Amino acid sequence: MNKIKSLSESAFLKLLFAFLTLAFLIAAVCMPDRADMFNGLWRIMSGTQKISTNYFALGGYAATFLNMGLVALICTGLYCLPGARANNVSTLAFILTLGFGSWGINVLNVWPTFLGVALYAVVKKEKLATLVNAMLFSTGIAPIISELLFRYPAAQYVGFNWIGLGLAMVVGLAIGFFLPAGLAHSPKVHKGFDLYSAALPIGMTAFFLQAILYKTMGVALPAAPGAETLQVASRLTVNIFCGSLFGLCVVFAFLLGCKPKDYWNLLKDPALVTNFSSTYGNATFLMNLGVYGLAILLYYNLVDATFNGILFGIIFCMVATCNSGSHPGNVWPIMLGYVVSSFVFGWLSKLTGGAFAGAINAQAICVGLCYANGLSPIADKYGWQYGFAASIMHYVLVTSVPTLHGGFCLYNGGFTAALICLILVPELERFFKTKEERTEKRLAAKK
């Protein structure tokens, strides 16, 4: 344990990635349907992935865990390249990609965009080890790679074919090649208020590709998986695995020396902190990973969500920001905003005679909340009430945004958060004071 305590931030995070990888691989062989694990993995790899595809239904439980473990293993291997360093952004990229391993990313559809980033490294004469984060973020558009591989331009599944392979490679190479520039520019657009920063260039790329490949060409968008597939779920499986994993993180954090007051300092810090592991230390960051993960799990249990592969994945997609600025103290206003919005708009829908589909435990709303948590910097900088307002805006828009990208952007909610920032942040900067400015004003008034 002393050796782990003395690890640098980068080495500690790489060890964490290896631990998560091992946890999923072990869980795969513990699932009751493990006899069908490899057949299920093949179904996941060879199927279309338009959101929302429930891997519990497509491949089974063991295959889903195996796919997530193998995706994590690939990502961990990339961070072990000579010269690769892991930081808070790497934590976001790794856990986010891991989370999508249960509903959109698989060990086959990641490679075209990976190769695109590698091509960028060759052309720009940059070390590939410095671009690992970009490689992982490029997988946010993985569903369109599978779509091109297996059924474009047909509406029905075709299977492996040379034309599809060529299209997938060309599109994947182009996405990966141009993405690093978009990633560098994105924070300037939302000014750091969307923790899912990669969602903006990925979302715009999906929007552009949907327009070219479908709308402009007159090709009909393929249908998403049937609603009945979303009902294949297991509350017990998800709760046991996530509860055990996040619980172990809390235990290990205590063993590494994290004290309750250390974590309390993180929760009440008035500053906008975007790198917990370097600011508070590895142990305190690990405590946040565990506590925040358990809080997310508790929330989805309280709202009676359907614990299918998609919900299983978004628990990790949401906890992915645990090293970049999110914690229970600044995310509760986001959760509250979603809950209040659900009741208010449900009531308004009854008054207008509408067909309300935004219940707080509806699939799309559960997924939407996951990425609304990326707006937590607004609550951190301006106060909980502004995070609450941003959450309501996100609730209103998140189910409409898939129309733009055709259901091919896994970062749909993060893309929505970026749009909220474009609308809300200029008004906050013009008309409202930050928490720090309000504190300074109060102190000045007392003098």
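Miscellaneous remarks
- The residues of the stretch 323-359 that are surrounded by 14 or more Cβ atoms within 10 Å (Cβ to Cβ), among the hydrophobic types (A, V, I, L, M, F, W, C) and over 19 Å from the mean Cα position of the chain (by Cα), listed by number, are 336, 339, 340, 345, 356, 359.
- Selection count, the stretch 157-177, where residues are surrounded by fewer than 17 Cβ atoms within 10 Å (Cβ to Cβ) and in contact (Cβ under 8 Å) with a residue 60 or more places away in the chain: 3
- Residues (of a type in the set (Asp, Glu) and touching a helix residue (DSSP H, G or I) at 6+ places or on another chain (Cβ under 7 Å)) located in the stretch 194-232: 194
- Residue 258 being crowded, with 21+ Cβ neighbours inside 10 Å, modelled with pLDDT of 95 or more and touching a Ser or Thr at 6+ places or on another chain (Cβ under 8 Å): yes
- Answer residue from the stretch 125-138, given it is over 29 Å from residue 412 (Cβ atoms) and in contact (Cβ under 8 Å) with a residue 24 or more places away in the chain and is surrounded by the most Cβ atoms within 10 Å (Cβ to Cβ) among those: 129
- Identification of helices (runs of 4 or more DSSP H) wholly contained in the stretch 1-93 with 3 or more residues that are in contact with a strand residue (DSSP E or B) (Cβ under 8 Å, 6 or more places away or on another chain) yields no element.
- For the stretch 284-322, taking the residues that are in a helix (DSSP H, G or I), among the aliphatic types (A, V, I, L, M) and open to solvent by 20 Å² or more (accessible area, probe 1.4 Å), the one that is farthest from residue 91 (Cα to Cα) is identified as 302.
- Residue 239 meets each of the listed conditions (1) in contact (Cβ under 8 Å) with a residue 12 or more places away in the chain; (2) in a helix (DSSP H, G or I); (3) open to solvent by 70 Å² or more (accessible area, probe 1.4 Å); (4) of a type outside the set (Gly, Ala, Ser) apart from (3).
- Filter pass, residue 225 being assigned to a loop (DSSP other than H, G, I, E, B) and within 19 Å of residue 305 (Cβ to Cβ): yes
The values are calculated or read from the model by the stated rules, or taken from the named source; none is laboratory data. In this text, all values refer to a predicted model and were calculated from it rather than measured experimentally. Neighbour counts run over all protein chains shown; Cβ positions are idealised from the backbone, glycine included. Ligands, DNA and RNA are stripped out before the accessible areas are found, and what is left, the full protein with its side chains, is counted by its heavy atoms. Shrake-Rupley method; radii C 1.70, N 1.55, O 1.52, S 1.80 Å.
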